[in-house]
Amino acid sequence: MARADDSGSKQVGGAEAAFEALAASPKLSELSRLTLATVVEAEKAPFADKAAYTDKVSELGLSHDDGETPFGNALFVLEHGPEDASQAMLAGALVAHAMAEAPPRGDDETRARAAVLLRLATRHGIDALPLLERALGDDAVPTFYAIADAVRRADAHEAGAISRAEAIVGAAALAGGAHADVLKLSSKLAGSLKDPLLVRVLSNASDEGSQPHGDRSRRIEGELTTPPRSVLRTVVLASTGALFALTALRALGALALVLRRPAEVVVTPKGIRLRAKTIVLGRTIREIDTQIERSALVRATREVRYPRAGLYAGLFALALGSYVGVSAFVDGARAASPSMLLTGLVVVALGIALDFALGAIRSGARGKCLVAFQPSRGSKVCLSGVDPKAADSALGLLRGA
């Protein structure tokens, strides 16, 4: 089994957790629009126009309780500004959701939003940049291009350019990007700048960008599946007969509905991106597009095909041995035959021994495998039917990150 473990960076993982906490709020849309009006597109400096804030809260019908999260109260943060690290992460997540609620349209608006993001991160400690790809997906790329252009203009000391501090923050955001286009952009930008600090900030992305695309990202394809059951649960289900019923129902549903869940995971040193579809009767009824930052990824593992073949074979042998053995034991007791009694006991013992032996032996079969990614928060992501070489290559990239 290949494995890559990491407890995760609290700061980035915390930002991701704040983003997910807001995503679970029934008032997410209202909070995002409030953030958009009072922070992202505010005419005055953020948190300075109390009247505009109060009017917008009333217009959206929000109450204080609507803003409660594990990271603080979102309404308090939007009114007063963040007062500690947790509230700063919450503020960054609010801005990221606001970007997703109303993505920039056109070059001018994209440049304006990029300038706002850099200003918020530099002057107010509200950094939504690490969450930009999480919030917008591929639509974040134009904003990164606008950030790169702003950094280039600052390096050239052009009129109206952003400050050097904002340029450094922008360079750090580009260097932390996971999207292939952002990595290429960072590499190209690093080779054109003169400021040694900006070049140094971008150097990590530049090193990755100088390599072929296949050396800094891996793509694995398979079928999205439920996480494997624990051994204890499998044994209990098998012993009660529930395993057969559940498996039969799932197989029947898959055949009747022609259910498919094709998925792909793109792995980079920065994290993973999952794209998956649920297809029923040839029609796509659900699509998934989500990202997990490397720092928020607790564990990534892969198993060979039929990883628990020993367990299932052992259970089958135990069931068969018990049936034959107990039958012989009962017949022997009725016939008062010691030889039949001995035969029954031996068969039962052999079934138990075979169960132990097969359960302890790892399958050496080659073929497709299952790959699982466990984030610090949320459910495990599992892909079945993955090529083992592709899986090992992807996990190796994560281990080396």
Practice task
Tell me, yes or no, whether the stretch 49-66 has at least one residue that is crowded, with 17+ Cβ neighbours inside 10 Å and polar (S, T, N, Q).
Solution key: no
Exercise for the section: Having 1 or more residues that are of a type in the set (Lys, Arg) and within 26 Å of ILE272 (Cα to Cα) is the bar; report the helices (runs of 4 or more DSSP H) wholly within the stretch 140-209 that clear it. Expected result: 180-190, 196-209
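Filtering the stretch 1-19 down to residues that are in a helix (DSSP H, G or I) and surrounded by fewer than 17 Cβ atoms within 10 Å (Cβ to Cβ), which residue is modelled with the lowest pLDDT? Spell out how you get there, then give the answer.
Kept after step one, since they are in a helix (DSSP H, G or I), are these residues of the stretch 1-19: 10-19.
From what's left, surrounded by fewer than 17 Cβ atoms within 10 Å (Cβ to Cβ): 10-11.
Details: LYS10: 36, GLN11: 40.
In this case the residue turns out to be LYS10.
Look through LEU189, LEU197, LEU193 and report the one residue that is under 29 Å from the mean Cα position of the chain (by Cα) and either surrounded by 18 or more Cβ atoms within 10 Å (Cβ to Cβ) or in the same structural domain as GLU109 (by TED's automatic domain parsing) (or both). Outline the logic, then answer.
Details: LEU197 fails: under 29 Å from the mean Cα position of the chain (by Cα); LEU193 fails: under 29 Å from the mean Cα position of the chain (by Cα).
That would be LEU189, the only listed residue that is under 29 Å from the mean Cα position of the chain (by Cα) and either surrounded by 18 or more Cβ atoms within 10 Å (Cβ to Cβ) or in the same structural domain as GLU109 (by TED's automatic domain parsing) (or both).
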Exercise for the section: Working only within the stretch 377-394, note down all residues that are in a helix (DSSP H, G or I) and either crowded, with 19+ Cβ neighbours inside 10 Å or in contact (Cβ under 8 Å) with a residue 12 or more places away in the chain (or both). Expected result: PRO388, ALA390, ALA391, ASP392, SER393, ALA394
Exercise for the section: Within the stretch 282-297, identify whether any single residue is in contact with a Ser or Thr (Cβ under 7 Å, 6 or more places away or on another chain) and not in a strand (DSSP E or B), and answer yes or no. Expected result: yes
Exercise for the section: State whether one or more residues within the stretch 135-149 are under 30 Å from ASP195 (Cα atoms), touching a residue at least 24 places away in the same chain (Cβ under 8 Å), surrounded by fewer than 21 Cβ atoms within 10 Å (Cβ to Cβ) and more than 29 Å from the chain's Cα centre (by Cα). Expected result: yes
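The values are calculated or read from the model by the stated rules, or taken from the named source; none is laboratory data. Since the model is a prediction, treat every value here as computed from it, not as a measurement. Quick reminder, even Gly has a Cβ in these numbers, built from the backbone with ideal geometry, and neighbours come from all protein chains shown.
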